[in-house]
Every structure is written in C-alpha cells, then in structure tokens.
Amino acid sequence: MADSPISGHGLTIRQLFTGRRFQLGYYQREYTWSRKAVAALLDDLWRRFAASWNDLDDREQTDHYAPYFLGPFVYHEQDGITYLVDGQQRITTLHLLLIYVRRLLLDQERHAEAEQLGQLIRSVRHGKPTFAMDIPEREPLLKALCDGTDYQLPDSPPSVSVRNLWERSQDLADDFPTMLRDDALPYFHDWLLDRVCLVGIKALGQDSGWEIFETMNDRGDRLGPIDLLKSFLFQESKKDQPRLNIKWRDMLSKLTAVEKDAPSEFVKALLTSQHADLSEPSDDRQRISQAFHEWVRTHQEQLGLRRPSDFAEFIEWLAALAPRFATLLAASKTLDRGLEAVFYNSRNGLYCQTRLILAGLRPDDDNATFKEKARLLATFLDLLYVRRLVNNEGTNSSDMEAEVDRLIPNVRKCTSAKDISVLLGAEIATLPYDFQGISTFGLRSDNRRQVRYLLARMTHYVERECGRAELIADYLDQTRPYEIEHIWANHFDRFQTEVKTYQTFVTWRNRLGALLLLPKSDNASYRDDLYQQKIQYYRGQNLLAASLHDLTYRKNPGFTKFIKRVDLTGAFRAFRDQIGKDAIEHRQRLYRALCERIWEPSALGFDVPQVTLPEQATRRRTRAHYKVDVADLIRVELLRPGTTLTGSRRGTQYAATVEPDGRIRVSTGEVFPSLSGAGQFVLGVTSCAGWDFWKVLAGSGEVPIKTLRDEGLTRGLLP
C-alpha cells in the first residue's frame with residue numbers, strides 16, 4: 001500500500017526549533033494573539049508542569065514528567081526553509097517564550113542552558129545570526145529582546161505583528177508564573193524542551209499547503225464545542241425546542257456582538273465558576289477548558305441533568321446569565337461606571353475575575369443586584385492585587401488565580417450582595433498584609449507595569465477629587481504617552497554625599513515616593529535636569545506632581561479643600577529647593593495614605609468585622625507546590641528569626657535577615673515572601689534561585705540555606 005503523500009509526526013519543542021528557519025506564506029494573517037491568549041498558554045504550561053514537579057527532584061526526573069500536547073501545525077519545506085501554513089500563532093509565541101526563558105536563565109547565571117536555548121532561538125547562517133522565526137520586519141525587536149536592550153516601536157505605524165509581538169513580550173514579563181522564576185526554572189526549561197510537543201503535518205509544497213489552509217479555514221465551519229453542546233442539550237430536552245432555540249440564538253447574538261469567541265469563553269467560565277471541582281488534584285478546570293461539551297456529558301448527575309425538563313432548564317440558565325457575561329466583557333474593554341474595577345483588573349491581566357464574579361450570580365438577579373455583586377467581587381480582587389503588590393507578594397495571573405479558586409466555593413454559597421459583602425469583608429480582615437509595605441516599596445526590574453498602575457490610580461484619585469478631568473483610561477493605556485518619572489535624575493554624583501553607595505542610590509531613586517506619572521514627551525525633555533529646574537515643570541502637570549511646588553497650595557481652593565476633606569493636611573507638603581531621602585520618605589507616607597483612602601474597605605462597601613490579628617499572624621502559604629519554605633525551617637528550629645543571610649555575585653556582597661514569619665528583609669528595608677524574591681531585588685534581576693544564592697553561617701562556614709533544608713529532610717524533621 002502506498003504511503004500517504006501528506007505525513008505527520010510528533011515534535012518536541014527542542015526538535016521543533018533545532019535547525020529550522022520558519023517563514024510565512026503570503027496568505028498568512030498577522031500575529032494577533034492577545035495577552036489573554038498568551039496568559040492562557042502560560043497557565044496551561046504551568047499547571048501541567050506543576051502537577052509533576054517536586055522541588056526535591058533531581059533534574060533527570062523531568063524526563064518522566066507528564067507531557068503536554070500543544071496541537072498540530074501544518075507546514076511545507078523549500079530550499080531549507082519551513083513555511084508555516086497553520087500554527088504560526090503558537091510557534092511565534094513559543095519562540096517569544098524561549099527568548100524570555102533564556103533571559104531568566106542568564107539572570108541565574110545558568111549559561112549552559114541559556115546557550116542551548118540561544119541555539120534554538122537563532123542560528124548562524126553564512127556568518128549572519130538568523131532567528132528561527134526569520135521574518136525581517138521582526139528582527140530588530142527580537143534582537144533587542146535577546147540582547148536585553150530597550151526597544152521603541154517605530155514612529156511610523158508598525159505592522160500589526162510587530163506591535164503585538166512587542167506588547168506580548170511586555171506581558172510575558174508580567175504574567176510568567178512567579179514560581180518559575182526561581183529554583184523551578186531549570187526544571188521547567190528541561191520539561192519545556194523535551195516534554196511539550198506538537199504534531200507537524202507536512203504538505204507536499206506551496207500549492208498543497210494552500211489547499212490544506214483553505215480546507216482548515218474556509219471550507220465550511222467545523223462544529224465547535226458550543227455547537228456540540230447545543231446538539232447534546234437539545235437532543236435531551238426533547239420538547240419546547242423552538243422556544244429554546246430562539247433563546248439560544250439570542251444568547252449567541254448578544255455574546256458575539258462583544259467578542260467573536262465569547263460564547264465558548266462564557267460557557268467555560270460559567271461551568272468552572274459554578275460547578276467545577278477546583279480542589280487539588282481535580283482536573284475539572286483543564287477538562288472544561290479543553291472540551292466543555294464532553295465535560296457536561298460526563299457530569300450530568302453533578303449538574304442535575306436527569307430528565308428532559310432539566311436539560312431545558314439548563315439551557316434557560318445559560319441564556320439568563322449570558323447577558324451578564326457580555327456586560328462584564330464590555331466593561332473589561334471600556335470603563336463602565338460602577339464596574340470600574342472590572343476595567344482595572346482587565347488592564348492588570350486578571351482574567352480570572354470573570355469566574356469569581358460569575359460564581360456569585362443567580363439567574364434571577366435584577367440588574368442592580370448583578371452590578372453590585374460584580375462591583376464587590378471585582379473591587380475585592382483589585383484591593384487584593386494592590387495589597388499583594390506593595391508587600392512584594394506575587395500578583396501575576398497564576399498567583400491571583402490560586403486566590404480566586406480558593407474563594408469560589410464560598411462565593412457560590414452567597415445569595416445576596418450583602419452575603420458577598422460579609423464574606424469578602426471577613427477575607428479582608430484576615431489578610432496578613434495591609435499598606436504598611438509601601439514604606440519600602442519601589443520600582444524593580446519586574447514590576448514596572450504594576451508601579452505605573454499604582455501611580456495612575458493615585459494620580460487619578462487626586463485629580464478626580466479636585467474636580468479635574470478623569471484620565472484614568474489614558475493613564476492605563478499602554479499605547480498612550482504616559483510613563484514613570486524619576487524625581488532623582490540618574491546621576492549618582494549629585495546624591496553621593498547622602499546615599500554613599502551606588503546600590504543605595506538606585507534603591508532610593510526607585511522608591512515609590514520618588515516617582516511620578518507624567519506625559520512621555522514632557523518626561524523625556526527634562527529627565528536629566530536638576531530638581532530645582534524639574535519642579536517648575538511639575539507645577540504644570542497633574543496635582544500629585546504639582547504638589548511638590550509650594551505655589552500649588554496657593555489660590556487653588558479645589559486642591560486645598562480636598563486635602564482637608566480627606567484629612568491629608570501635613571501629608572501633602574511642598575519641597576521647593578531640594579528633595580533628599582527625608583523628602584522621599586515623606587512622599588512614601590503620602591502615597592500610603594492615598595492608597596488607604598482609595599482602597600478603604602468600608603468605603604468600598606465591604607462589611608469588615610472588627611478582628612484583631614495576633615502580632616505574628618500565620619501567613620497563608622501561597623507557594624503550594626513547594627514542600628518546604630523558610631517558615632518550616634524556623635518551625636523545626638533549623639533556622640532562627642534574625643539570622644543573617646549573605647549572598648554574593650561578581651565580587652559584590654549582599655545581606656538579609658530572616659523575619660519571624662519566614663519572610664526575608666534585605667539591608668535597605670524591603671521585605672520579601674521568598675528567598676528568590678529577595679535575591680531578585682538585591683541583584684536587580686527577574687530570576688534568582690534563592691535556596692542556592694542565600695547562605696547562612698554554619699559550623700563548617702557559610703553554606704547555602706538549601707543545605708539546612710536537606711538536613712531537615714534527611715533527619716525527618718520536614719515533610
């Protein structure tokens with residue numbers, strides 16, 4: 001029997017990028033993946049990896065971790081070039097991911113692994129480095145990302161692909177799971193290359209590729225999960241189908257009017273929020289995401305689908321809640337009064353908010369009840385995000401999704417908006433962190449977008465309360481010309497007498513109190529000026545910046561009345577001639593006070609009980625996939641609170657101390673929930689293997705703190 005003229009075979013990521021040079025056919029669309037799509041891919045990869053990973057494994061054990069299938073792609077080859085027919089969105093994103101992982105490996109000084117990735121990312125042909133995704137217009141951006149240099153989008157409008165690539169590269173820095181930036185990184189590197197795979201379908205040539213492309217994309221709509229779900233539900237409902245069909249079509253119409261893929265996203269979110277088992281090790285979330293129509297078939301009993309009337313009611317239930325999802329989706333794109341937090345969460349990549357909100361909704365909620373429930377749940381997520389942010393806790397999608405999954409079972413039990421207010425109020429009362437962390441919070445290599453968000457909210461609050469135009473949408477739009485301004489110019493020599501060392505200068509220059517949000521063009525024009533010159537410009541900017549100038553407090557009744565009304569007299573203060581460390585600390589306290597007013601729980605509608613926490617409240621463990629953390633070492637007396645930790649790199653020494661609750665305080669006062677976070681901060685990088693980097697004085701001299709962990713495991717003191 002003759003072989004098929006079209007062949008298919010499995011490829012790992014390593015095999016996919018080894019020796020290949022990808023290009024696109026002229027009929028291919030632009031690179032269009034959204035932040036949400038990339039975040040979903042990262043979440044899928046993280047969850048599959050984390051299900052197998054143990055931080056005590058040897059790296060060789062990754063060869064036996066569960067694999068992950070990323071689907072098929074179609075290609076043909078000609079003159080040594082692989083032309084992608086279908087699958088360029090995934091392969092382009094994987095290429096971008098490899099570039100980012102390589103940068104993290106370099107941060108950890110894992111040069112062998114970084115070099116290995118470098119050979120997959122680009123190779124040398126005829127003496128010229130050539131990227132695996134060999135598309136000339138993308139080369140300057142990809143080169144900047146590989147080299148770790150700044151990249152500015154060209155003034156002339158860039159192509160859709162280049163703009164999206166640049167935006168997704170920024171999103172990767174925000175959304176890459178926190179736990180993959182530390183000791184797990186080399187394990188993830190090995191698993192990604194050798195256990196994540198695709199199936200390549202090789203066409204005979206360009207014409208064959210074009211035919212396959214047409215077949216896959218143009219020759220009739222294939223039945224998707226939403227169509228298969230409809231077929232199943234209507235077949236089982238048996239009666240009243242004309243009326244139900246009208247409801248179904250109306251549901252699809254309302255959803256697709258907001259976004260093309262909204263119907264499937266709605267069903268996934270609703271099933272997950274109101275019915276999925278979110279506990280470990282359940283795989284309900286993944287199964288719903290992959291094939292929700294099959295999940296409904298296999299969970300009929302759980303969903304109460306026994307009689308034909310149950311199936312009809314299920315269709316009615318979907319149809320009743322679909323307009324709510326459409327409203328939330330629209331509010332995530334454009335500010336909707338009363339649902340502003342939905343917009344903010346979307347800008348911060350917290351797409352899990354939809355599941356949290358849907359968990360609290362009922363089909364018979366009137367519009368006012370729906371909006372109040374949605375407002376409370378979205379606002380709580382925003383408050384949680386900001387409090388975690390200023391206390392250096394993880395805020396990316398994987399961190400926040402873990403919090404949402406923990407909350408959903410209790411939110412499901414709430415009937416009224418009052419129930420939700422009480423539940424979330426109790427959550428706020430027991431949070432182990434407030435805004436105290438702002439005292440040492442600042443800009444780092446991995447939180448620029450989050451700091452901009454904080455500055456935007458404070459700037460908007462002051463402007464709005466003083467009756468000025470509300471520009472929050474502009475402040476948060478990444479394409480708008482607003483950026484972070486450092487009050488201290490980047491000239492160490494001007495401040496050396498006060499800060500002594502360059503490292504201290506960088507720390508204070510990046511403190512939140514030394515930052516403003518200004519239009520990009522203005523910022524660029526005077527960023528190197530002396531403070532005495534800068535302050536004249538600040539006076540003409542937003543009121544948070546202008547408050548540094550003493551004339552802002554004269555003949556400005558809206559501003560002065562605002563200060564009195566919100567009890568910030570003394571917190572706002574002018575610094576006319578100079579701004580040193582004392583002034584930055586004062587601004588730091590002002591910013592904390594502003595945050596406490598913006599995110600004041602009772603003013604936001606939460607019913608917060610009067611709860612007094614113990615001085616050393618037990619911190620909720622968020623690093624669930626680690627078997628041991630620093631708090632465990634303290635518990636079994638292998639490590640004492642106050643112990644000094646040391647680390648060094650390239651001749652520079654760093655010091656930190658262990659807090660009673662297991663957190664790590666670095667020498668400049670910042671506190672981090674993990675060894676890796678503290679290491680990332682002092683080194684100024686986005687990835688650090690903290691258990692190896694930090695050392696402690698033991699009988700034989702300085703040893704990595706990991707040695708204490710291993711000793712505890714050997715002696716049976718630790719789980």
Open item on the list: Whether any residue in the stretch 276-284 is in contact (Cβ under 8 Å) with a residue 40 or more places away in the chain, closer than 20 Å to Trp248 by Cβ and surrounded by 15 or more Cβ atoms within 10 Å (Cβ to Cβ) is what I want to check.
Closed with: no
Open item on the list: Whether any residue in the stretch 580-593 is outside any helix (DSSP H, G or I), at pLDDT below 95 and assigned by TED's automatic domain parsing to the domain that holds Phe492 is what I want to check.
Closed with: yes
- [ ] Residue by residue through the stretch 370-418, note down the ones that are among the β-branched types (Val, Ile, Thr) and out of contact with any helix residue (DSSP H, G or I) (no Cβ under 6 Å at 6 or more places or on another chain).
- [x] Val386, Thr415
Task: Residue that is modelled with the highest pLDDT [pool: residues in the stretch 82-124 that are farther than 15 Å from Leu193 by Cα and among the β-branched types (Val, Ile, Thr)] - done: Thr92
Task: Flag if Leu424 is under 24 Å from the mean Cα position of the chain (by Cα), in a helix (DSSP H, G or I) and farther than 20 Å from Phe266 by Cα - done: yes
TODO: Kindly provide the set of residues from the stretch 526-555 that are in contact with a Leu (Cβ under 8 Å, 6 or more places away or on another chain) and surrounded by fewer than 21 Cβ atoms within 10 Å (Cβ to Cβ), ordered by number.
DONE: Arg539, Gln541, Thr552
Open item on the list: Given the condition at pLDDT 95 or above and crowded, with 20+ Cβ neighbours inside 10 Å, answer yes or no: does some residue in the stretch 704-718 qualify?
Closed with: no
Open item on the list: On the basis of being closer than 24 Å to Asp43 by Cα and without any contact (Cβ under 8 Å) to a residue 40 or more places away in the chain, does Asn410 make the cut?
Closed with: yes
Task: Flag for Ser346 being surrounded by fewer than 17 Cβ atoms within 10 Å (Cβ to Cβ) and not basic (Lys, Arg) - done: no
- [ ] Could you check, for the stretch 324-332, whether at least one of its residues is more than 30 Å from Asp474 (Cβ to Cβ) and either of a type in the set (Lys, Arg) or surrounded by 21 or more Cβ atoms within 10 Å (Cβ to Cβ) (or both)?
- [x] no
Open item on the list: Need pairs with beta-carbon distance below 7 Å; first residue among the aromatic types (Phe, Trp, Tyr) and within the stretch 457-482, second in a helix (DSSP H, G or I); sequence gap 6+ or separate chains.
Closed with: Tyr461/Leu594; Tyr461/Ile598; Tyr475/Ala456; Tyr475/Thr459; Tyr475/His460; Tyr482/Asp474; Tyr482/Tyr475; Tyr482/Lys520
- [ ] Could you look through the stretch 367-379, keep only residues that are without any contact (Cβ under 8 Å) to a residue 40 or more places away in the chain and either of a type in the set (A, V, I, L, M) or under 15 Å from Asp607 (Cα atoms) (or both), and pick out the one that is surrounded by the fewest Cβ atoms within 10 Å (Cβ to Cβ)?
- [x] Ala368
Task: Matching residues, the stretch 504-525, being surrounded by fewer than 18 Cβ atoms within 10 Å (Cβ to Cβ), out of contact with any Asp or Glu (no Cβ under 7 Å at 6 or more places or on another chain) and without any contact (Cβ under 8 Å) to a residue 40 or more places away in the chain - done: Pro519, Ala524, Ser525
TODO: Filter the stretch 488-500 for residues that are under 22 Å from Ala655 (Cα atoms), loosely packed, with under 14 Cβ neighbours inside 10 Å and at pLDDT 90 or above and give the result.
DONE: Gln496, Glu498
Open item on the list: Residue under question is Val74, and the condition is that it be assigned by TED's automatic domain parsing to the domain that holds Trp166, surrounded by 15 or more Cβ atoms within 10 Å (Cβ to Cβ) and in a helix (DSSP H, G or I); does it hold?
Closed with: no
Open item on the list: I'd like to check something: does the stretch 628-637 contain any residue that is of a type in the set (D, E, K, R) and modelled with pLDDT under 90?
Closed with: yes
TODO: Say whether the condition of being among the acidic types (Asp, Glu), within 25 Å of Asp155 (Cβ to Cβ) and under 34 Å from the mean Cα position of the chain (by Cα) is met by at least one residue in the stretch 522-539.
DONE: yes
Task: Meets criteria (under 24 Å from Leu41 (Cα atoms), modelled with pLDDT of 95 or more, crowded, with 20+ Cβ neighbours inside 10 Å and assigned by TED's automatic domain parsing to the domain that holds Ala417) for Asp382 - done: yes
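Residues are listed down the side, and each one gets a yes or a no for (1) among the aliphatic types (A, V, I, L, M); (2) assigned by TED's automatic domain parsing to the domain that holds Asn447; (3) assigned to a loop (DSSP other than H, G, I, E, B); (4) without any contact (Cβ under 8 Å) to a residue 24 or more places away in the chain:
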position: Ala655; (1), (2), (3), (4): yes, no, no, yes
position: Pro660; (1), (2), (3), (4): no, no, yes, no
position: Gly677; (1), (2), (3), (4): no, no, no, no
position: Val682; (1), (2), (3), (4): yes, no, no, no
position: Cys688; (1), (2), (3), (4): no, no, yes, no
position: Thr707; (1), (2), (3), (4): no, no, no, yes
position: Asp710; (1), (2), (3), (4): no, no, no, yes
position: Pro719; (1), (2), (3), (4): no, no, yes, no
Task: Residue selected from the stretch 466-493 under the condition assigned to a loop (DSSP other than H, G, I, E, B) and either within 28 Å of the chain's Cα centre (by Cα) or outside the structural domain of Arg448 (by TED's automatic domain parsing) (or both), by the criterion nearest to Thr507 (Cα to Cα) - done: Ile487
Task: Among the candidates Arg122, Arg163, residue that is crowded, with 19+ Cβ neighbours inside 10 Å and free of Cβ contacts under 8 Å to residues at least 40 places away in the same chain - done: Arg122
- [ ] Inspect the stretch 130-149 for any residue being in a helix (DSSP H, G or I) and among the aromatic types (Phe, Trp, Tyr) and give the result as yes or no.
- [x] no
Open item on the list: Can you say whether Asn392 is on the phi > 0 side of the Ramachandran plot and not hydroxyl-bearing (Ser, Thr, Tyr), as far as the supplied structure shows?
Closed with: yes
TODO: Please state which one of Gly442, Gly467 is small (Gly, Ala, Ser) and more than 25 Å from Lys564 (Cα to Cα).
DONE: Gly442
Task: Test: residue in the stretch 661-682 that is small (Gly, Ala, Ser), modelled with pLDDT of 90 or more and in contact with a Cys (Cβ under 6 Å, 6 or more places away or on another chain) - done: yes
TODO: Return yes or no: is Leu639 assigned by TED's automatic domain parsing to the domain that holds Thr707, buried (at least 20 other Cβ atoms within 10 Å of the Cβ) and in a strand (DSSP E or B)?
DONE: no
Open item on the list: Quick test for you: out of Thr395, Thr440, Thr430, pick the one residue that is touching a residue at least 60 places away in the same chain (Cβ under 8 Å), more than 21 Å from Phe370 (Cα to Cα) and crowded, with 17+ Cβ neighbours inside 10 Å.
Closed with: Thr440
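The values are calculated or read from the model by the stated rules, or taken from the named source; none is laboratory data. Just so we're clear, the structure is a prediction, and the values are computed from it rather than from any experiment. Backbone-built Cβ (ideal geometry, glycine too); neighbour counts: all protein chains shown.
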